[in-house]
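Laboratory data are not the source of any read-out in this text; all were calculated from the coordinates shown. Computed from a predicted structure; not experimentally measured. A quick note on method: Cβ atoms are made from the backbone with ideal geometry, for glycine too, and the neighbour counts reach across all protein chains shown.
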Amino acid sequence: FLEAEKATADRITTLMNIKGTKSVESFHKRLGKIMWEKCGMARNAKGLQEAIEEIQALKKEFWSDVRIPGSVEEFNPELDKAGRVADFIELGELMC
């Protein structure tokens, strides 16, 4: 339990310390567009490879330029969403 609790606290601290310029929503929308266009029902190897590269670039940008307003000391729906979008980025890359 202590290990899981520390990993979660470290992830939250990392997210809150980024202090970037782009909203969580903008990353979510961009990931959705990549998945819709390249990993939808009509997909091919070339498109999936392009999607992997685009998602990897998006992930790098997310972890360096996401902006999460508020603090960890209060209810923060943007922090919650940032955690989910980070997971979606990993899932999208795995799916492709």
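Principal-axis analysis of the Cα atoms of the chain puts helix 77-95 at an angle of about 30° to the longest axis. For the residue pairs LYS29/LYS59; LYS6/LYS33; LYS6/LYS38, the alpha carbons lie more than 25 Å apart in LYS6/LYS33; LYS6/LYS38. Using the Karplus relation 6.51 cos²θ - 1.76 cosθ + 1.60 with θ = phi - 60°, the per-residue 3J(HN,Hα) values for the range 4-21 come to 5, 5, 5, 4, 5, 4, 5, 5, 4, 4, 4, 4, 5, 8, 5, 6, x, 10 Hz, with x marking Gly and Pro. Let me know the whole percent of all Cα-Cα pairs from the chain that are separated by more than 16 Å. In whole percent, the share of Cα-Cα pairs in the chain beyond 16 Å is 56. Phi angles of the range 60-69 translate, via the Karplus equation with coefficients 6.51, -1.76, 1.60 and θ = phi - 60°, into HN-Hα couplings of 4, 5, 4, 6, 10, 9, 7, 10, 10, x Hz per residue; Gly and Pro are given as x. Across the chain, Cα pairs under 8 Å and at least six residues apart give a relative contact order of 41 percent. Once backbone amide H atoms are built at 1.01 Å from N, GLY20 has VAL66, ARG67, ILE68 as its partners under 5 Å, excluding neighbours fewer than 5 places away on the same chain.
Ignoring the sites themselves, the chain has its longest run without GluC sites (Glu not before Pro) in a DSSP loop having at most 10 other Cβ atoms within 10 Å at 1-72. Rounded to the nearest 0.05, the FRET efficiency derived from the C-beta distance between LEU2 and LYS60 at R0 = 35 Å is 0.70. The C-alpha atoms of the chain define a longest principal axis, and helix 24-38 lies at about 20 degrees to it.
Working ranking of peptides 11-17, 63-69 by packing, defined as the average number of other Cβ atoms within 10 Å per residue, highest first, is 63-69, 11-17.
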